[in-house]
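See below for the structure under consideration.
The values are calculated or read from the model by the stated rules, or taken from the named source; none is laboratory data. This one's a predicted model, so the numbers in the text were calculated from it and none came from an experiment. Glycine gets a Cβ as well: all are built from the backbone with ideal geometry, and neighbour counts include every protein chain shown. We work out accessible area using only protein heavy atoms, side chains counted, and drop any ligands, DNA or RNA first. Shrake-Rupley method; radii C 1.70, N 1.55, O 1.52, S 1.80 Å.
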Amino acid sequence: MTQQGAVLQGYNNELVKCIEDLCMQKEELNKQIQQAKEEKKNLQREIQVLNEQLDRVCENLAQKVASRNELDKILAETEAAYVKILDSSRTLLNVLKKEVGSLKHMPELKTN
């Protein structure tokens, strides 16, 4: 019987050691889980900050694109008006040259 008690005691010791090892593994996993939760929380906070920054940049970009489109429109209208002014100036110059040319042929304007 003593030998059976010793064998039983040996099994008990191994069982206690296994349980202690499992408890240590559990504690280590709990630490890793806690670290992962902290990292997750930090990443979610960073994502929120980045999303807010992205929203601001997108809004700013939309405003700038709208301003550029408005400037493009103003520029196109101004260039079109300028071309009309140039055409009118050229027409006026041609008319004036004809008038001056016809005045030179008038006898009372000739000088000798």
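The figures follow:
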{"read-out": "Segment 58-78, residues that are under 10 Å from the mean Cα position of the chain (by Cα) and open to solvent by 90 Å² or more (accessible area, probe 1.4 Å)", "value": "Glu59, Leu61"}
{"read-out": "Gln4 being of a type outside the set (Phe, Trp, Tyr) and either exposed (fewer than 10 other Cβ atoms within 10 Å of the Cβ) or outside any helix (DSSP H, G or I) (or both)", "value": "yes"}
{"read-out": "Positions within segment 16-43 being open to solvent by 100 Å² or more (accessible area, probe 1.4 Å) and either of a type in the set (A, V, I, L, M) or not in a helix (DSSP H, G or I) (or both), in sequence order", "value": "Leu22, Met24"}
{"read-out": "Residues (at pLDDT 95 or above and open to solvent by 100 Å² or more (accessible area, probe 1.4 Å)) located in segment 86-112", "value": "Arg90, Leu92"}
